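Presented below is the structure to which this report refers.
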Amino acid sequence: MNIKQNPSGLQANGFTLPLSLSINGKQYDLNIEPRVSLLDALREYIGLTGTKKGCNQGACGACTVLVDGERINSCMTLAVQYQGKEITTVEGLAEDGNLSALQQAFIEHDGFQCGYCTPGQLCSATAMIEEFKNGMPSAVSPDVASEEFEFSEKEIKERMSGNLCRCGAYVGIVEAIQEAFSNKETTVAHETFYL
Amino acid sequence: MYPFTYIKAKTNKDAIAAIGSNTNAKFIGGGTNIVDLMKMNIEKPHQLVDITSLDLKKIETLSNGNVKIGALVRNSDLAYHKTIAEKFPMLSKALLAGASAQLRNMATAGGNILQRTRCYYFYDTATPCNKREPGSGCSAIKGYNRMHAILGTSDKCIATHPSDMCVALSALDAIVHVEGINGERTINFLDFHLLPGDTPEKENVLQQGELITAIEIPSSSFAKNSTYLKVRDRASYEFALTSAAVALDIHNGTISNARIALGGVGTKPWRAKEAEQSLINKKATTENFSAAANVALKDAVTYKYNAFKPQLAKQTIISALQMIGGNNG
């Protein structure tokens, strides 16, 4: 385990805390200031740079990670609050070197261009599919008290609205999520994408 | 962000004692607002008291039929809860219309009540703002004020209250349970937030060190037939230009009880009681909805860039009432 302590060279301002974080099944022991966000702990102190810093104010979703399987913005919270939780980052989505069905579908459907928002999109969509399967409604669901929704483009767009893509790869992102949700076999990619 | 010390409280009493009389200490729950404000150097606490381990995460139906929501219930859990979705659909809908799924998985009910305005001048420490620095002046009144309030404003502040959840809570006559050094007390939700007046920095009636422990929603005959309609610049993940939480009790086409509360237009979550009264014993028609909307906005004061808001708010009220009361004549 290679833990980078304060790679930025900043000196802690006196008050630091010992902290143990469980990330992608591994334990990381840190000694950091409480003002370090979970995002900065991941990137700057642990070296897991897959999670991205976009706006750093909860508006873009590039920093999305999973906590006990649920999606959150890691930029808007303090690392010290996440001891005892199981954190999953984009580095933890593949199993034994095999991409998850969703990751594979993003490739098949060109669900990105520059790729900067992709780790957040992947973590967010992974949890979103679970939310949908568990009958959780969204703002566009016709009846909030019902668990019956259609996995429509409208639902996907609303449920993924916390993840922005400045390249505008939304069409591919939505298609990739639809395919991963329906567990369809990923065969030949759509011709239109390779013309 | 300025440095601070951090402790995690195990009980309500520990948390309250840790804050005590220290005005530089703050509670932190989900953190979605305070962490943001600390990054911007708007909030500069010397100490944070983490309350996320407290036993305030239950949603329970009381023997009198009221529903009590723990202050640490997350916005997502509250929106998805069957009792809330069935008894108070306007609350589920308001929550789902706010923020993003990621933020709803972090933000708590208690924190939502205390969230601060998104006025851009409040966030911009290079400009005067009476809410951030009392006495420095208001940059919004003569500035770019398209998002700003048209009801409850003063010559010191026209910042909008940003919460969707709070609009529903004001329509539902919620009660806020708080605990402090001197024990527990309850505050009617409609009395919880303060108008800016001459002291826009004072936003609510909480006393030093008081902890919100729960929100209670009274059982009612009207809340089941309710909805929340939000109008904004994009379809999702944006604060309201205008919004309306409405409920109607209709018997044989006649309204016996009504609730109307507005978001995006008030300096606090805005309950329109006079408009509600104007609907009692009236038929559920678009003409009557329209008249009620006019009553709700009669005191609106607009500024250079938000003169569109009264009309938009009226249309929002009418559309929301039609959604639950029908589109009749």
At what distance in nm do the modelled label points of A:S20 and B:T125 sit from each other, each positioned 7 Å from its Cα along Cα→Cβ?
3.6
P(r) of the stretch B:53-201 over all Cα-Cα pairs, binned every 10 Å from zero, in whole percent:
10, 35, 31, 19, 4, 0
Which is farthest toward the positive dipole end of the protein assembly as shown among B:G135, B:Q102, B:N66, measuring Cα position about the Cα centre, with Cβ charges +1 (Lys, Arg) and -1 (Asp, Glu)?
B:G135
Net charge dipole size for the stretch B:226-325 [Lys, Arg +1 and Asp, Glu -1 on Cβ; Debye, nearest 20]:
200
I need the phi-derived Karplus couplings for the stretch B:161-167: 6.51 cos²θ - 1.76 cosθ + 1.60, θ = phi - 60°, integer Hz, Gly and Pro marked x.
6, x, 6, 7, 3, 5, 5
Hey, what did chain B get for relative contact order, percent, Cα under 8 Å, at least 6 apart?
17
Calculate, for B:N22 and B:K273, the FRET efficiency according to 1/(1 + (r/R0)^6) with r their C-beta to C-beta distance and R0 41 Å; round to the nearest 0.05.
0.60
Rounded, prolate or oblate, given the Cα gyration tensor of the protein assembly as shown, with a/c below 1.5 counting as rounded?
oblate
Using only Cα atoms, find the angle between the long axis of helix B:309-325 and the longest principal axis of chain B, and express it within 0 to 90 degrees, rounded to the nearest 10.
70
Diffusion coefficient in µm²/s returned for the stretch A:17-92 by Stokes-Einstein, Kirkwood Rh over C-alpha pairs, 37 °C and 0.692 mPa s, is 274
Between A:C167 and B:Q47, what is the spin-label point distance in nm, taking each point 7 Å from the Cα along the Cα→C-beta axis?
4.9
What does the convex hull of the Cα atoms come to per residue for the stretch A:101-194, in Å³?
92
From other protein chains only, count the Cβ atoms within 10 Å of every residue's Cβ in A:123-132, then give the mean.
1
Longest site-free stretch - chain B; sites: chymotrypsin sites (Phe, Trp or Tyr not before Pro), DSSP loop, at most 16 other Cβ within 10 Å
B:145-304
Residue among B:A247, A:T49, B:Y6 farthest towards the positive dipole end of the protein assembly as shown, charges placed on Cβ
B:A247
With the label point 7 Å along the Cα-to-beta-carbon line of B:K282 and a cut-off under 14 Å to each amide N, the hits in the stretch B:289-309 are B:289-298
Chain B: C-alpha pair distances exceeding 38 Å, %
13
Cα-centre dipole for chain A with unit charges at Cβ (Lys and Arg positive, Asp and Glu negative), debye to 20
920
In the stretch B:293-329, whose amide N lies under 16 Å from the spot 7 Å out along Cα-to-Cβ of B:K142? List them in ranges.
B:303-305
Chain A shape via C-alpha gyration tensor axes, a/c threshold 1.5:
prolate
Within the stretch A:17-92, percent of DSSP bridges classed antiparallel, to nearest 5
90
Within chain B: Cβ-based charge dipole about Cα centre, in debye rounded to nearest 20 (Lys, Arg +1; Asp, Glu -1):
580
Local charge sum around B:H193 (other residues, Cβ-Cβ under 14 Å, Lys/Arg +1, Asp/Glu -1)?
+2
Estimated vicinal HN-Hα couplings, Hz - the stretch B:39-49 in sequence order (Karplus 6.51, -1.76, 1.60; Gly, Pro = x):
4, 8, 6, 8, 9, 10, x, 8, 9, 10, 10
Determine the distance separating the Cα centre of the stretch A:58-111 from the Cα centre of the stretch B:87-162; give it in Å without decimals.
30
Based on alpha-carbon atoms only, what is the radius of gyration of the stretch B:5-70 relative to the globular estimate 2.2 N^0.38 Å?
1.34
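No lab work stands behind these numbers, since they all come straight from the coordinates. Everything numeric in this text was worked out from a predicted model, so none of it was measured. Reconstructed Cβ throughout: ideal geometry from the backbone, glycine too, with neighbour counts over all protein chains shown.
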